[in-house]
Structure formats: C-alpha cells, structure tokens
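What follows is calculated from the coordinates using simple rules that are stated; it is not laboratory data. No experiment lies behind these values; they were computed from the predicted model shown. When we count neighbours, we look across all protein chains shown, and the Cβ atoms used for this are built from the backbone with ideal geometry, even at glycine.
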Amino acid sequence: MILSSFSAVALAVIFPFVWAAPTIKQVRSVTTASERLGLKWIGGNSTLPKVLVLFTGGTIASGSAYGALDDTQYGQLSISGELIIARNPYLFNHSQLAVSNWTTKDSSTGTNDALVMNMTRFAHDALCSEDSDIDGAIFTHGTNSLEETAFLMDLLINCGKPIVGVGSMRPWTYLSFDGDANFFQAVMLAGNPDSRNRGVMVALNDRILQGFWTTKLTATTPDAFGQVMGGELGAFLNNMPYFYNTPTTPIQKHEFDISAVSAHPSYPALPKVDILYAAREFDGRLVLNAKSNGAKGVIIAGTGNGGIPSGDKEISEAMKTGLQVVVGTRSPFGASSPARTSTWAKSGYVHVIQARIMLQLAIASGFDMKRTVDLFEGSLRKAIGQPL
C-alpha cells in the first residue's frame, strides 16, 4: 500500500522512531589514573615525563610585605603552584606538570598528620595503581617539617617511582629567591628515569638527599638540609641531576602497608606519639603525662648513645599500661645503641624526628612492644651478634 502524503506526515509525528535511526552516545571508559583523579596536564609535548606536583605551599609560595630584604617575617603574600610553574617556562622543555592542591586555610600541612596522610594516600594511588600513567611526583613543603613528610612517604610509597620533596629557605619576594631553582631541579629529578628505586628524595640547594636520612640542620640559611647518615645521593650540574652511586636501600627502612595503616582507628591521621627531650634530672612523670594525654607512644631524645638520666620507674609504669617507648639520641649524628636486655626500643641510627613517624606507623600496623624493638634494633643486634 502506498501512503498518501498526509498519512506519511501523520505517522512521522506519531511514531518518529520509525523514520529516524536511534543515536547511540559513545561513553569512553576511564583508562588512566590522571583521568580518574581529574588531573590536568600542563605542557605541549605529550612525550615528556608526567610529573605530579603536590602543592602544600611553604616558604616557596610565601612573600613578604616588608620588602626584598626580609627573609624572616614573611607570609603576608602568597602564590599558587600554577604561578610557580609559570615563573619558569624551561620546565616545559623537560616535563608535563599537573598540580594537586593540598593547601588549607585551617591549618598548616606541617602541623596536621591527617592532611599529610591523605596526601600520601593520594600520591600512592596516583603513582602505584595499575592504571597509573604518571612518571614521578614532587611535593612542595615548608622546610620546618619537610623531613617528616619525606620520611613518612618513604615508608609508605614504595612502587619505585620517584617522589621528591622541595621547598625554599627564602620567600619569593627576596632579592635572591632560591625556590625557583629548587623547584626546577626537583621536577628534573622526579622525571629522570635514573631516579627510580631510590625512595623519596629531597632537592634543595643543588643537593640530592635521601629522604630516609634527611634532616634540617640549620634554621635559616639556604644550605639548611643535610643527612644524619648515608651520605648525599648526588648533586645538580647545570640544574640536571647527577647520581654518585647506583640505588641502595637503608637497612633500617621498613616498608609499611598503607592499607593496614589506614585501617587503624586513628584514620585519617596516625596514632599520637610525643617526643621528650632528656637532660640531667629528666622527669619520668612527663612520660606518664603523655600517656594520660592520649599518647600511644613516646620517643625520648636521650643523652649520648641513648641514655636516660632518671625516670626509669615512671617509664616502666607507663609501659605496663600499653605505652610504647623508643629512645634515640639528642645528638645530631650517631646511633642510639641497643642495651643487652631490652626494656624499651633503641632507635639505632634513626633520628628522633623520624623515629616518631616510624613508631606511629608501627602502632597503626598493629606492632606490639616486642615487635617494635625488633623493628628498630633487629638489624643492629644481628650485626653486633647480640640476640634479642
């Protein structure tokens, strides 16, 4: 039957699907960590290494309202991670960059375990997931506690990809700002294939430092950071990284499972661990006070190779109630060596600042005091033939 013109028009109005093929919307599945995490890459050359910038601010992003001679009273002005990148177009000759912002108005990254842990979880996902398309990462940080975040990440992110901590000792308004060079060098380090399997590193003042051993040795000068042990990994020549040796791993390093740590009731932060400084007439009641204030562990910066002048009775009392105690040395270098019989753990060559983080992770991982002693002392006792 042949339809009249009127009938054809009527049917087209009533049953439009008869006359038009259905439109199928193509939905492309997410295939990379970058897409899944919403990262936007800056840079025109897609063949260059992708370096994730975890931006937490710090002196590198701070300026002074008091002029170009001030490097102690700054903080009134600030710039973003994107502006730091825009200051240095040379970055795009060597890398693609994406900024993940971890700044907050409420608290500093340096004073907030939960913020640092969440950033570490994000970095672990970005770098270590099966869909990761990212070659390495850097994190900007205030230098007051940069070493703490570097050490934490070093124990929790261990898939071989480079992570580099970077900051500056001078604000960007200062007449010889060190942050631009430090930032550039950190990106070059994170994007370099030779940086793989070296753990977390720190790039400051033309030095390549090992995150596990790095500490801040001076308060205000550009050459502020050094290593308590292990030696520097390398240096920057023409702003490019040069390594002195092939990759190595510190004997006292323990790789913790970030999933197990995150399952602890302290999530999203970490168990509370305090640091006490020992001197003549050390008051052991400070340890009891720490326990009553919610501490799950205490680090004591002991004298010499980890001595505690007094307070043994109170420390033992606190430990009977479940407090874990690790004793390091207040000296900047050297070991807190094991006693023949362990009452508490001695930190070995791990500096007290880093020992606090290691103990936090151990407690979050379910370690009891005996296992914590083995964590800190095991390799030292084996070396000197002194069993637990």
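Computed quantities for the displayed model
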quantity	calculated
Rounded tilt (10° steps) of 5-14 against the dominant C-alpha axis of the chain	20 degrees
Cα gyration tensor shape for the chain, rounded if a/c is under 1.5, else prolate or oblate	prolate
For peptides 74-82, 242-250, sequence by mean Cβ density within 10 Å, most packed first	74-82, 242-250
Gaussian network model of the chain, Cα within-10 Å springs - most flexible of 195, 46, 365	46
Shape call, the stretch 201-250: gyration tensor on alpha carbons, a/c limit 1.5	oblate
Label-to-label distance, nm, for residues given as residue 217 and residue 259 (7 Å Cα→Cβ offset)	4.1 nm
Label point distance in nm, residue 368-residue 45, each placed 7 Å from Cα along Cα→Cβ	5.8 nm
Straight-distance crosslink candidates among aspartates and glutamates, where the alpha carbon sits under 16 Å from residue 346 and sequence neighbours closer than 8 are dropped	274, 312, 368, 374, 377
Per-selection metrics, the stretch 270-384 (Cα): Rg and Dmax in Å	12.6, 38
Ranked packing of 149-160, 86-97, most packed first, by mean Cβ within 10 Å	149-160, 86-97
Stretchable slack from residue 159 to residue 36, in nm (0.36 nm times residue separation minus alpha-carbon distance)	42.4 nm
Tilt relative to the chain, helix 146-156 - C-alpha long axis, 0 to 90 degrees, to 10	70 degrees
Degrees, to the nearest 10: 179-190 long Cα axis against longest axis of the chain	80 degrees
Longest to shortest principal axis, alpha-carbon extents of the stretch 38-243, angstrom	48, 40, 38
Gained length - residue 118 relative to residue 78, 0.36 nm times residue gap less alpha-carbon distance	12.1 nm
Diffusion coefficient, µm² s⁻¹, Stokes-Einstein with Kirkwood Rh over alpha-carbon pairs of the stretch 138-207 at 10 °C and 1.306 mPa s	129 µm²/s
DSSP-defined beta bridges in the chain - what % are antiparallel, rounded to 5	35 percent
Calculated FRET efficiency for the pair residue 281/residue 103, C-beta based, R₀ 41 Å, to 0.05	0.45
Summed side-chain charge close to residue 235 - residues other than residue 235 whose Cβ falls under 9 Å, Lys, Arg +1, Asp, Glu -1	-1
Most mobile listed residue (269, 295, 65) in the chain, GNM with C-alpha springs under 10 Å	65
Exceeding the 32 Å Cα-Cα cut-off - candidates 105/272; 105/320; 105/216	105/320
Relative packing of 333-345, 202-214, which averages over residues the other C-beta atoms within 10 Å, highest first	202-214, 333-345
Residue 130-residue 180 pseudo-label distance in nm [points 7 Å out on the Cα-to-Cβ vector]	4.5 nm
GNM result for the chain, Cα springs below 10 Å: residue of 378, 297, 57 fluctuating most strongly	378
Helix-derived mean residue ellipticity, 222 nm - over the chain, DSSP H n ≥ 4, -39500 (n - 2.57), to 500	-8500 deg cm²/dmol
